[in-house]
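Since the structure comes first, as structure tokens, the remarks are kept for the end.
The values are calculated or read from the model by the stated rules, or taken from the named source; none is laboratory data. Since the model is a prediction, treat every value here as computed from it, not as a measurement. Ideal geometry is used to build each Cβ from the backbone, glycine not excepted, and the neighbour counts take in all protein chains shown. Side chains are part of the model used for accessible areas, which takes the heavy atoms of the whole protein and leaves out ligands, DNA and RNA. Shrake-Rupley method; radii C 1.70, N 1.55, O 1.52, S 1.80 Å.
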Amino acid sequence: MPISSEAAKVRARIAGKKRQNPDADVTDDQRELKMTTLEDYVQRVISSAPLPTPDQIARLRALLPPVG
């Protein structure tokens, strides 16, 4: 499956940093790439499925780590 343009930009940024400095810390960029990839996947799933019930939404929210 093709990646989104946003994911491609982040991946290119990681590659550029590593090309300039193989020891560069790209942890934050890798985290952003994972998050962008996850967002893309969730969007595809949501757009292909019926609307979830309130109970199903609560179950999905429970999968997310607490914020703060």
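Please specify each residue of the range 14-47 satisfying the condition of being over 15 Å from the mean Cα position of the chain (by Cα), at pLDDT 95 or above and under 23 Å from residue 4 (Cβ atoms).
Just the residues of the range 14-47 that are over 15 Å from the mean Cα position of the chain (by Cα), to begin with: 15-26, 47.
Imposing the further condition that a residue be at pLDDT 95 or above reduces the set to 15-26.
Once the filter is applied, which keeps residues that are over 15 Å from the mean Cα position of the chain (by Cα), at pLDDT 95 or above and under 23 Å from residue 4 (Cβ atoms), the range 14-47 yields 15, 16, 17, 18, 19, 26.
Filter the range 16-31 down to the residues that are open to solvent by 70 Å² or more (accessible area, probe 1.4 Å), assigned to a helix (DSSP H, G or I) and under 29 Å from residue 63 (Cα atoms) and list them by number.
Passing the criteria: 28, 30, 31.
Yes or no: the range 38-50 includes at least one residue that is without any contact (Cβ under 8 Å) to a residue 24 or more places away in the chain and assigned to a loop (DSSP other than H, G, I, E, B).
Yes: one or more hits.
Working carefully through the options 13, 44, find the one that is farther than 21 Å from residue 60 by Cβ and surrounded by 11 or more Cβ atoms within 10 Å (Cβ to Cβ).
Values: 44 fails: farther than 21 Å from residue 60 by Cβ.
Criteria check complete, one pass: 13.
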